[in-house]
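Comments concern the structure below.
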Amino acid sequence: MKEARVRLRDLREAVHWFKAAAENGFIDAFAELGEMYANDANLPRDDGKSIDYLEKGAAAGNVTAMILLGIKYEDGDGVARDYAKAIEWYEAAANKNSADAMYRLGTLYRGADGNLKDFGKALEWLTKAGAHGNAKAQYSLGDIYEYGQGVPIDRSKALSWFMMAAFKQYPEAMNAVGYYYQNGIGTKEDQTIARNWYQKAADAGSAAGALNLGWYYENGKDQDQAIAFQYYKKIRRAEFGRRHVLARAFLRRWPRNCCQPARGHQVVSAGDGHWLQQSRLSAGLCL
């Protein structure tokens, strides 16, 4: 209880000083206040104050406030959902060279329903964001060229964008690069490079990377059933992601014969081998 009172006192003091800063022309304080009134668990939520402070910050030219307003209108968070206003605020931030705003615009146009969906605008904004170094945009561009969304399928371009994101330590891009090298898509097949990228992805927290690394050690060039088993076990223990998300991810990135018995020297026991297969099944990978 005492700690809660201290936190509340500190929070009220922070609000006081942020207000003072805003009144004295420190426009970043508007975004801080807008975020606090919307999302701080220790402060009573007040959507009216949140929007008011964000609008003041955005009007004063604060990019963070513009993006937060865009998110609120896109999600209908504290306001009525309004995609036109979301686009307006994202564009205002993008015109100030915000790569995050460019990415959000591209993602909105790419994922929207009905007449708002526009792959041309999605490609335009995601390409701008990718050129500004936004790893999420670069990964999305890889997807676009992989699936041919508004553009011809081009796996070489897809790999190029995945590589850019991977070098920025984006975990799912690392996994995608591994998959491309493992299967010789858009490049020459190289199992060692594939394994290295799967390893990087797994180390960065990618469930898909960890599972692909397990599959590699089970069935790939450097088979080691004991290592494969440990990766599957680690994944199951850590509950890497929700099962339905994994299942969807592996519709394209998981070999269809994943549940076939592993070939080569049997390192794990028969019981462990059964558990290993059940681990894959429980993760929703054998579709």
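The values are calculated or read from the model by the stated rules, or taken from the named source; none is laboratory data. Given the structure is predicted, the values throughout are model-derived calculations rather than measurements. All Cβ positions, glycine included, derive from the backbone under ideal geometry; neighbour counts span all protein chains shown.
When the criteria are applied in full, LEU116 fails the requirement of being among the hydrophobic types (A, V, I, L, M, F, W, C) and under 26 Å from LYS168 (Cβ atoms).
When you check LYS117 against the structure, is it basic (Lys, Arg) and farther than 30 Å from MET163 by Cα, yes or no? Steps first, answer last, please.
Details: basic (Lys, Arg): yes; farther than 30 Å from MET163 by Cα: no.
So LYS117 does not fit the description; no.
Collect the residues in region 194-234 that are of a type in the set (Lys, Arg) and more than 12 Å from ALA176 (Cα to Cα), keeping them in residue-number order. Give the derivation first.
Step one: of region 194-234, the residues of a type in the set (Lys, Arg) are 195, 200, 221, 233-234.
Result: LYS221, LYS233, LYS234.
Tell me, please, whether a residue that is farther than 30 Å from GLY133 by Cβ and not in a helix (DSSP H, G or I) can be found in region 16-37. Yes, some residue in region 16-37 is farther than 30 Å from GLY133 by Cβ and not in a helix (DSSP H, G or I). Among the residues of region 50-79, those that are closer than 24 Å to GLY25 by Cα, of a type outside the set (A, V, I, L, M, F, W, C) and surrounded by fewer than 16 Cβ atoms within 10 Å (Cβ to Cβ) comprise ASP52, GLY61. Picking from residues in region 56-71 that are assigned to a helix (DSSP H, G or I) and out of contact with any helix residue (DSSP H, G or I) (no Cβ under 7 Å at 6 or more places or on another chain), the one that is modelled with the highest pLDDT is ILE71.
Looking across region 173-187, the residues that are surrounded by fewer than 24 Cβ atoms within 10 Å (Cβ to Cβ), outside any loop (DSSP other than H, G, I, E, B) and either out of contact with any helix residue (DSSP H, G or I) (no Cβ under 7 Å at 6 or more places or on another chain) or touching a residue at least 40 places away in the same chain (Cβ under 8 Å) (or both) come down to TYR179, ASN183.
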